[in-house]
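Below: one structure, written as structure tokens.
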Amino acid sequence: MNLGKLGQAIAAKEIFELIQDDLSLVEKEISLESLASVDAVTQIGQYLQSSGGKRLRPSLLLLSAKLIADGQAGPSAIRLGAVVEIIHAATLVHDDVIDDARTRRGRPSTNVQWGNHISVLAGDWLYMQAFQAALRERNFRILDLLIGLTQMMVEGELLQLERIGRIEVTEADCMELVDRKTACLFSVCAKLGALVSGADLATEERLGDYAWNLGMAFQLIDDLLDFTSREHILGKPVGNDLREGKVTLPLVYALECASGEERADVESILRERSYDRVPFRQILSMVERYGGVQRVKERAHAFTEKARAVMGGFPESPYQRALYSITDLVTERDH
């Protein structure tokens, strides 16, 4: 691991030890904010919370807050840590309905457990609850960031839906979706952490830039793992994106070199939404053979290098080293 001028890298365990107590408070806040007057909504909120997840988004917010405030994360950072995780949960609920997903993090998805209608409304409720919690901060800048973010993510979902089943997806199309689906949320998490710790606008933007690059790398690796991981590690079926009609960057790169016959194979999967006629291993072999896997890894590493360059400009502290080292957790992960 190249840490440049930063000295020793911090392992994942050490990173999360820096914010362990704060994350426990965020979990309590999520539990409180997920209580609804309708049982089904409360049950879905609890189900999502108990399904785990890395809590990377609140962790980014907390580490950013502590970076600015010399190790302090006040009540606002805790509350907003819960807010960004609830928004993330709401997007997952809606995504699973749109994609007709069957599993999420190794368990039946909410739409399988409760049906589409209840899941959509529960997702809506979670969004509104997150905004209600954020509203208690009485800070227009926070609402401005969260509303802009939510619009970006919803527009990303609409763009993705427009492209479902289409093979003529470009690299630029993929990068736009990566930005809207993931990077913009990462960026807002870091900005909110900086904001509640009293950072000036320039510092807030720098932290947002760091986290945006991290988010781009995170989603590119996610798209890659959909091809290269294993189902028991990923928590959902591999090859899922293509089965759902989505052409992601590894496949876009491979299709640049693919033969007419190979393109026809991909088109048949997009049309039939299954690997019955063309097995997944055949597509994976093509993606690897034409450098799709390697090129996406290189793109992801380029984004993590940019994130490191930004973080390297901050004064050294345990929180700065933690944010720097998270870049490796993102690019080296297997799920």
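The values are calculated or read from the model by the stated rules, or taken from the named source; none is laboratory data. All values reported here derive from a predicted model rather than from experimental measurement. Virtual Cβ from ideal backbone geometry, glycine too; neighbours counted across all protein chains shown. Each accessible area value is taken on the protein alone, full model and side chains, heavy atoms only, with ligands, DNA and RNA left out. Shrake-Rupley method; radii C 1.70, N 1.55, O 1.52, S 1.80 Å.
Overview of values
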quantity: Rounded accessible area of Tyr47 (nearest 10 Å², 1.4 Å probe); calculated: 40 Å²
quantity: The range 263-335: trypsin sites (Lys or Arg not before Pro) in DSSP coil with no more than 13 other Cβ atoms inside 10 Å; calculated: Arg277
quantity: Label point distance in nm, Arg138-Glu288, each placed 7 Å from Cα along Cα→Cβ; calculated: 6.0 nm
quantity: 20 Å tail of the calculated P(r), the range 167-250, as % of Cα pairs; calculated: 45 percent
quantity: Those GluC sites (Glu not before Pro) in the range 274-335 that DSSP places in a loop and that have at most 16 other beta carbons within 10 Å; calculated: Glu316, Glu332
quantity: Gain upon complete extension [Leu158, Phe131; 0.36 nm per residue less C-alpha separation]; calculated: 7.6 nm
quantity: Dimensionless Rg ratio for the range 20-157, taking C-alpha atoms and the 2.2 N^0.38 Å reference; calculated: 1.04
quantity: Contour minus Cα-Cα distance for Arg263 and Glu171 (0.36 nm per residue); calculated: 31.5 nm
quantity: Highest average packing first - 163-172, 246-255, Cβ atoms within 10 Å; calculated: 246-255, 163-172
quantity: Stokes-Einstein translational diffusion, the range 38-80 - Kirkwood Rh over all Cα pairs, 1.306 mPa s, 10 °C, in µm²/s; calculated: 132 µm²/s
quantity: Proportion of all alpha-carbon pairs of the chain beyond 26 Å (%); calculated: 48 percent
quantity: Rounded percent of accessible protein surface that carbon and sulfur make up, the range 81-176, 1.4 Å probe; calculated: 58 percent
quantity: Alpha carbon centroid spacing (whole Å) that separates the range 286-311 from the range 48-99; calculated: 25 Å
quantity: The range 251-335, accessible area per residue, ligands and nucleic acids excluded (1.4 Å, Å²); calculated: 47 Å²
quantity: Mean separation of Cα contacts under 8 Å (6+ apart) over length of the range 197-268, as relative contact order %; calculated: 18 percent
quantity: Loop-located trypsin sites (Lys or Arg not before Pro) in the range 66-108 whose Cβ has at most 13 other Cβ within 10 Å (DSSP); calculated: Arg102
quantity: Accessible surface of the range 182-333 [probe 1.4 Å, protein heavy atoms]: carbon and sulfur percent; calculated: 49 percent
quantity: The chain - percent relative contact order, Cα under 8 Å, separation 6 or more; calculated: 20 percent
quantity: For the range 4-102: accessible area per residue (Å², 1.4 Å); calculated: 43 Å²
quantity: Stretchable slack from Asp39 to Asp100, in nm (0.36 nm times residue separation minus alpha-carbon distance); calculated: 19.6 nm
quantity: Rounded FRET efficiency, nearest 0.05, which uses the C-beta distance separating Ser51 from Ser24 and R0 of 25 Å; calculated: 0.90
quantity: Dmax and Rg, reported as Rg then Dmax, of the range 107-183 (C-alpha, Å); calculated: 15.7, 46
